[in-house]
1. Would you mind telling me which residue in Pro170, Pro141, Pro38 has the biggest mean-square fluctuation in a Gaussian network model of the chain, where springs connect alpha carbons within a distance under 10 angstrom?
2. Could you state the per residue volume, in Å³, of the convex hull enclosing the Cα atoms of the chain?
3. Mean-square fluctuation check for the chain, GNM, Cα pairs under 10 Å: which of Ala73, Ala180, Ala27 is largest?
4. Can you give me the % of accessible surface on the chain that is carbon or sulfur? Probe 1.4 Å, all protein chains present, nothing else counted.
5. Just to confirm, what accessible area per residue do you get for the range 116-264 at 1.4 Å probe, in whole Å²?
6. Compute the signed sum of charges (Lys and Arg +1, Asp and Glu -1) over the other residues within less than 9 Å, Cβ to Cβ, of Pro170.
7. If we count every other residue with Cβ under 12 angstrom of Ala126's Cβ, Lys/Arg +1 and Asp/Glu -1, where does the sum land?
8. List the residue ranges in the chain for DSSP H helices whose C-alpha atoms run 27 angstrom or more along the long axis and whose Kyte-Doolittle average is 1.6 or above.
Amino acid sequence: MPKLNRTQIQDEARAILAANPGGLRWAEVLKAIGAAHPETPANSIRGATHVLFQGADDVVKIARGTYQLARFAEADAAEAVAQEEAVAAAPITVDTDASGTASVSEQAFYASFAEWLEENDEVTVAGALGGSVLGGKWGTPDVIGVLKPRAQDIFKFEPQIVTAEIKASPSQPVVAFGQAVAYRLFSHKSYIVVPRTTTSDDMNRLTSLCSIHGVGLVVFSLDTDQPDYGVVVLPAVANPDMFYVNTMLDRLKASEPRLLNRLF
């Protein structure tokens, strides 16, 4: 068989990615093309796929050295958006002294927790995100903030990204923990914020897990007027992966440019 030209190599790469909707590492794509077309030089395959992965609109980088067809990435993001927005908007029934019961949603606490972070000097500026506006497999923090040095600070430090995952339902502590840990890929500090009505067993587990993994744990009352946030575990400062930091900021720029400008 004659060796493949650049266009044919790139078509082969697209076909391989189409057969692997979850994405594939570059090395695996090279191996697959080389095995199917041994007459084509390895350097030609590498060069053609490099051009494809760096410049094509229909292929996206989803992790270090891992690529996915854009249509699959968009489908994953759309599913994540639907799931996250449904949870965030779902009403939670709480007992009240005045009327007996009332309904609140997770979204109702985003802005007040952003303010709490600012008031407690955890960040210089913060804003609500929620839903899944950033897309991607790691989800979107409900609140994101940045701690930046002030003009009067003698020691100037690098900005620190702070993220938070808020759950109004007392039955979702494990989900919150998984998301908060994932956010450490692109943030220096990550918080879980759960209701005080979370069961004692779940709170004990969360406290231990957060202490071990350096995630902050905050409890609050399901009262939008007086959420009364309180720290249970302080977060440890992590060193985020700059690849994921820049990926997150690119997505934030595309979806919430005003918030990006406020933060940075």
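The values are calculated or read from the model by the stated rules, or taken from the named source; none is laboratory data. In this text, all values refer to a predicted model and were calculated from it rather than measured experimentally. Cβ coordinates were reconstructed from backbone atoms using ideal geometry, including for glycine residues, and neighbour counts include every protein chain displayed. These accessible areas exclude ligands, DNA and RNA; they are computed on the full protein's heavy atoms, side chains included. Shrake-Rupley method; radii C 1.70, N 1.55, O 1.52, S 1.80 Å.
1. Answer for the Gaussian network model of the chain: Pro38.
2. Cα-based convex hull of the chain, divided per residue, equals 151 Å³.
3. Result for the chain, Cα springs under 10 Å: Ala27 fluctuates most.
4. That fraction is 53 percent.
5. 48 Å²
6. Value of the local net charge: +1.
7. With Lys, Arg at +1 and Asp, Glu at -1, the net is -3.
8. none
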